[in-house]
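The values are calculated or read from the model by the stated rules, or taken from the named source; none is laboratory data. Quick caveat, the model's predicted, so the values are computed rather than measured. Cβ placement follows ideal geometry from the backbone for every residue including glycine, while neighbour counts extend to all protein chains displayed. We work out accessible area using only protein heavy atoms, side chains counted, and drop any ligands, DNA or RNA first. Shrake-Rupley method; radii C 1.70, N 1.55, O 1.52, S 1.80 Å.
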Amino acid sequence: EVEIPLPKNGTRFSFQKFRSQEVDFPLASVAVSVRCGADGVVEEARIVLGALGCAPFRVRSAEDFLKGRRPGEASEAVVKLCRREAQFINNVHVAPTIRRHVLVRLVKTCIAEATSNEQRANRA
């Protein structure tokens, strides 16, 4: 049995995955969960990188950095932290440098999507 608690009101999510046409295994995946206060400052954040190795990897340093800041002001630093902590194993035919580039784009996309005003309006 697995129990997943309901997210707190105002929590927004994004998940992105990139895979090559030739290989079913993704080159990189990213999941972001963010809850901002009324002032737009991040109160809670979760950032998980996937397809790095055998299990998903939480980037706690990036989560902690994002808390207490506005996402737009902190996104570049969060991307750098994720890039630095990502350790790819050789399980696909694509070089880690290319996979790291893909990961950076996915992190940027997830943060932007999870914190966009349009998503807030749609889920409010």
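Before moving on, here are some points about what is shown:
- Max mean-square fluctuation residue, GNM over the chain, Cα-Cα springs under 10 Å, options Ile47, Ile111, Ile89: Ile89
- Computed [θ] at 222 nm, deg cm²/dmol, the chain (DSSP H ≥ 4; -39,500 (n - 2.57); rounded to nearest 500): -12000 deg cm²/dmol
- Sorted on the mean count of surrounding Cβ atoms within 10 Å across their residues, most packed first, peptides 34-45, 5-16 read 34-45, 5-16.
- Gyration tensor over alpha-carbon atoms, the range 1-51, equivalent ellipsoid semi-axes in Å: 28, 15, 7
- For the range 26-39, the Karplus equation 6.51 cos²θ - 1.76 cosθ + 1.60, evaluated at θ = phi - 60°, returns couplings of x, 7, 6, 8, 9, 10, 10, 10, 9, 10, 9, x, 4, 7 Hz by residue, with Gly and Pro reported as x.
- D_trans [Stokes-Einstein, Kirkwood Rh over alpha-carbon pairs] for the chain, 37 °C, 0.692 mPa s, µm² s⁻¹: 219 µm²/s
- Here the 3J(HN,Hα) profile of the range 45-59, calculated from phi with Karplus coefficients 6.51, -1.76 and 1.60 at θ = phi - 60°, is 8, 9, 10, 10, 9, x, 6, 7, x, 7, 9, x, 10, 7, 9 Hz, Gly and Pro shown as x.
- Seen against the Cα atoms of the chain and their longest principal axis, helix 71-85 is set at about 30 degrees.
- Heavy-atom accessible surface of the chain, averaged per residue, reaches 63 Å², computed with a 1.4 Å probe.
- For the chain, carbon and sulfur atoms together expose 51% of the accessible surface, with a 1.4 angstrom probe and every protein chain in place.
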